[in-house]
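Taking it in order: structure first as structure tokens, then the write-up.
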Amino acid sequence: MTVFALLAISLLLYLAGGVGSLLLGRSDRWAALVAGVSAAAGGVLGGAAALSVLINGSGSTLAMAGPFPFVSFSLRLDPLAALMVLVISIVTIPASIYSISYVKLYGGRGVGVMGFFLNLFIASMVMVAIVDNAFYFLLFWEMMTLASYFLVVFDEDQEAVDAGFLYFFIAHGFSMLAMIAFLLLFMQTGSLEFAAFRLAGPPTWLASVIFLLAFIGFGAKAGMMPLHVWLPRAHPAAPSHASALMSGVMIKFGIYGIIRVGMDFLGAGSAWWGWLVLAFGGVSAVLGVLYALAEHDIKRLLAYHSVENIGIILMGVGVGMIGMANHQPVVASLGLLAALYHLLNHATFKGLLFLGAGSVLYSVSTRDMGEMGGLGRRMPRTAVFFLVGALAISAIPPLNGFVSEWFTYQAFFALGGDAQFASRLLGPIAAVMLAFTGALAVMCFVKVWGLVFGGAARSVPAARAREVPRSMQVGMGGLALACVLLGLCAPLVAPLLSGVVSALIGAAQAPVASGAVVFPGDPNQAMLSTPLLAVMMLGLLAAPLLIAATYRGRRDQTRRISKDDWACGYQHTGQMSVSSAGFTEPLRGMFSWLYWLRASAAPVAHAGNASVEELTFLAKRVEPIWDRVTTSLTVGGSQFLGRHIQRFESGDLQIYCLYIFVALAAVLLAVVR
């Protein structure tokens with residue numbers, strides 16, 4: 001069976017699941033089951049097709065006549081598109097299984113409709129990845145945006161509606177820039193096919209204009225600073241399994257668009273393009289994690305971490321573009337390899353963390369971390385899965401986040417070793433920014449895990465919380481396993497991604513793995529063995545257990561004193577625990593000017609909503625006036641006409657006969673002429 005046949009069945013399953021869920025809307029249970037199972041099956045087939053391309057290292061193309069005569073329906077599953085389809089599948093399968101139980105939170109509120117839009121959303125993302133034509137790319141891009149919009153506003157409360165409007169406004173406003181970029185390429189080539197775009201070769205100035213339009217247009221979708229304002233509001237508003245797909249997958253299509261236009265179509269024509277991407281990435285990474293630290297809402301905190309990780313990915317893309325423009329294949333390969341590895345990893349651990357946040361929401365019915373606490377004892381499996389995601393996003397070895405950030409550091413070191421002054425200066429600065437980001441990420445997730453799962457319960461719902469249903473545990477467990485495997489199996493994963501990079505930049509595939517180690521092109525520069533690290537860390541963890549077992553007998557002989565916690569003369573309560581605000585108070589004082597920037601940007605984020613409110617207010621004032629004017633004109637005109645017609649109604653039979661005679665004469669004249 002060909003890869004396109006697998007993808008076609010996968011897409012049919014998504015569509016069948018969506019329509020089936022809609023038709024079974026009267027039964028929430030069956031609607032959720034059909035939507036979840038069909039999406040998971042579609043994800044399995046899509047993942048199989050993507051893996052086939054990645055392992056073989058060669059893509060496939062397919063062109064056929066479409067419904068529109070002016071453009072053909074072209075598909076291309078090259079290694080980059082296959083990686084995106086794989087990312088979709090990796091998150092879709094566990095998120096769909098998770099949703100079967102999770103959507104009980106939305107019982108009686110249109111679970112069937114939610115299943116329809118979720119499946120449509122996934123199918124449209126697959127199509128965006130594989131179409132090889134600007135017209136269909138934009139068509140499915142809009143479908144992806146619309147389907148995700150309906151998921152964001154699904155709660156229909158004021159917060160969700162406002163978040164959905166902001167998302168809709170920014171998504172469509174900035175997608176116009178990407179559309180103009182495609183239009184300029186069309187004017188150069190006379191074709192909408194991506195194959196023609198790759199051969200366009202526009203003048204340098206025009207290529208720079210096209211790149212800037214695409215970078216800003218797709219960057220807004222990715223959620224890079226300062227175009228991120230929609231992300232911390234839209235992602236928390238959506239149902240958690242949809243948040244996992246939006247944050248773990250959808251925003252990656254912004255990165256995909258930047259790579260496709262900037263490198264695949266335009267060949268990274270100028271080095272300053274890469275420096276620009278690197279700068280935006282660095283700012284997004286640092287500010288994203290700083291703003292996350294100040295959040296008390298667990299889903300908003302995770303959304304800000306998406307901004308941070310998009311920044312890390314953009315930093316890798318920037319290095320890759322600099323290397324490509326300067327004809328340095330090792331730098332280009334390392335930068336892109338780091339970016340794509342982190343893109344894949346972020347999908348897994350961010351999907352896991354959003355599912356974990358959804359489980360907490362399912363049990364305690366709040367997103368405020370100040371009302372949680374002590375959930376580790378009541379939801380032990382959720383606590384373990386969330387811990388795996390927290391360790392992975394904090395780049396703790398040997399999990400997947402550590403491996404991709406290790407490659408990112410190696411890319412910066414390779415860039416800093418270049419002869420150019422800018423590279424020697426800015427390469428180390430980028431490494432320092434990444435280190436700073438990593439340290440703050442560790443601090444943030446110590447806070448999150450400690451406040452949510454550690455200590456005592458700080459509210460009645462937290463004290464009564466129970467472990468979530470099994471299908472939700474399976475979904476989280478699948479993504480936790482992916483975080484572990486993508487780290488431990490780095491020697492297998494890195495060569496596959498190196499093949500994607502090689503196909504994209506048209507250079508020979510760089511060696512990045514041998515046996516159980518990975519290295520940045522040259523094993524003499526640095527080496528990393530995650531399996532060996534795992535053994536060493538397990539040994540470190542086992543040492544305290546061995547010591548405890550050795551002295552267990554002696555401890556039993558000592559008298560153990562059990563008393564209440566000392567709290568300055570007061571009885572200790574859960575409210576005396578460290579709060580979210582207290583945890584980050586020193587940091588917020590130290591970087592107050594950076595938090596001031598966010599507060600200053602808030603009015604801009606609300607400007608769209610304010611404009612709509614003013615427009616609605618104006619419409620409410622104008623509509624009655626218009627109604628009165630049109631009604632009075634119609635009524636007055638009718639009355640005027642009626643009064644003059646009444647003059648012909650004299651009641652005299654002879655006059656009526658005269659009317660008939662005149663009418664017949666008029667008819668005869670008309671016939672004769």
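Secondary-structure-derived ellipticity at 222 nm for the chain, considering helices only, amounts to -25000 deg cm²/dmol, per-run term -39500 (n - 2.57) for DSSP H runs with n ≥ 4. Computing Kirkwood radius over Cα pairs in Å directly from the structure and comparing it against (i) 27.4; (ii) 25.8; (iii) 28.3 singles out (i).
For the chain, the longest principal axis of the Cα atoms and the long axis of helix 111-130 meet at an angle of about 80 degrees. Among the chymotrypsin sites (Phe, Trp or Tyr not before Pro) found in region 362-431, not one is both in a DSSP coil and sparsely packed, with 11 or fewer other Cβ atoms within 10 Å of its Cβ. Decide, for region 32-109, between rounded, prolate and oblate: order the square roots of the alpha carbon gyration tensor eigenvalues as a ≥ b ≥ c, take rounded if a/c falls under 1.5, and otherwise choose prolate if a/b is larger than b/c, else oblate. Verdict is oblate for region 32-109. The modelled label-to-label distance between residue 142 and residue 377, using points 7 Å beyond Cα along the C-beta direction, is 5.6 nm. Indicate the gyration tensor shape class of region 84-151 (rounded, prolate or oblate), computed on the Cα atoms with a ≥ b ≥ c the square roots of the eigenvalues: a/c under 1.5 is rounded; otherwise a/b larger than b/c is prolate and the rest oblate. Taking the square roots of the gyration eigenvalues as a ≥ b ≥ c, region 84-151 is oblate. The length gained by stretching the chain between residue 44 and residue 9 to full extension, at 0.36 nm per residue less their Cα-Cα distance, is 11.5 nm.
One decimal place: the segment residue 585-residue 525 gains 17.5 nm when fully extended, by the rule 0.36 nm per residue minus the C-alpha distance.
Phi angles of region 178-190 translate, via the Karplus equation with coefficients 6.51, -1.76, 1.60 and θ = phi - 60°, into HN-Hα couplings of 4, 5, 5, 4, 5, 5, 5, 5, 5, 5, 6, 10, x Hz per residue; Gly and Pro are given as x. Helix 134-152 and the longest principal axis of the Cα set of the chain meet at an angle near 80°. Taking the longest Cα principal axis of the chain as reference, the axis of helix 329-364 is set at about 80 degrees. For the residues 514, 60, 175, a 1.4 Å probe over the protein chains yields an accessible-area ranking, largest first, of 514, 60, 175.
Let a ≥ b ≥ c be the square roots of the eigenvalues of the Cα gyration tensor of region 448-556; is it rounded (a/c under 1.5), or, if not, prolate (a/b larger than b/c) or oblate? Oblate is the answer for region 448-556, as a/c is 1.5 or above yet b/c matches or exceeds a/b.
Charged neighbours of residue 103, selected by a Cβ distance under 10 Å, balance to +2 (K, R count +1; D, E count -1).
Under the criterion of Cα pairs below 8 Å and six or more residues apart, the relative contact order for region 17-152 equals 33 percent. Within region 109-174, the GluC sites (Glu not before Pro) that combine a DSSP coil assignment with at most 13 other C-beta atoms in a 10 angstrom radius are 156. To put it simply, the accessible area of the chain at a 1.4 Å probe is 69 percent carbon and sulfur. For residue 133, nonlocal amide neighbours, meaning residues 5 or more places apart or on other chains whose placed amide H falls under 5 Å from its own, are 194. Over what distance in Å are the Cα centres of region 180-211 and region 367-440 separated? Cα centres, region 180-211 to region 367-440: 37 Å.
Shown is the FRET efficiency for residue 1 and residue 470, computed with R0 = 30 Å from the Cβ-Cβ distance and rounded to the nearest 0.05: 0.40. Projecting label points 7 angstrom from Cα along Cα→Cβ for residue 535 and residue 421 puts them 4.9 nm apart. Here's how it looks for residue 60: its modeled amide H is under 5 Å from those of 77, 78, which are all 5 or more places away or on a different chain. Each Cα pair under 8 Å and six or more residues apart adds its sequence gap; the mean of these over the residue count of region 1-89 is a relative contact order of 28 percent. Among the trypsin sites (Lys or Arg not before Pro) within region 434-518, those in coil by DSSP and having at most 14 neighbouring Cβ atoms inside 10 Å are 464, 466.
Remark: relative contact order (the chain) = 12 percent; criterion is Cα-Cα distance under 8 angstrom and separation of 6 or more residues.
Inter-part distance, region 461-534 to region 48-83, computed on C-alpha centroids, equals 26 Å. Amide H to amide H, with H built 1.01 Å from N, residue 396 comes under 5 Å of 402, counting only residues 5 or more places away or on other chains.
The residues of the chain expose, per residue, 44 Å² of accessible area to a 1.4 Å probe. Counting charges near residue 263 (Lys, Arg +1; Asp, Glu -1) among other residues having Cβ under 14 Å from its Cβ returns a value of 0.
Remark: the residue 206-residue 661 segment gains 156.0 nm on full extension, using 0.36 nm per residue and subtracting the alpha carbon distance. Extending 7 Å from the Cα toward the beta-carbon at both residue 296 and residue 70 defines two label points whose distance is 5.5 nm.
The values are calculated or read from the model by the stated rules, or taken from the named source; none is laboratory data. Every value quoted in this text rests on a predicted model; they were computed, and no experiment measured them. FYI the Cβ positions are ideal-geometry reconstructions off the backbone, even for glycines, and counts take in every protein chain you see. These area figures cover heavy atoms from the full protein model, side chains too; ligands, DNA and RNA do not enter into them. Shrake-Rupley method; radii C 1.70, N 1.55, O 1.52, S 1.80 Å.
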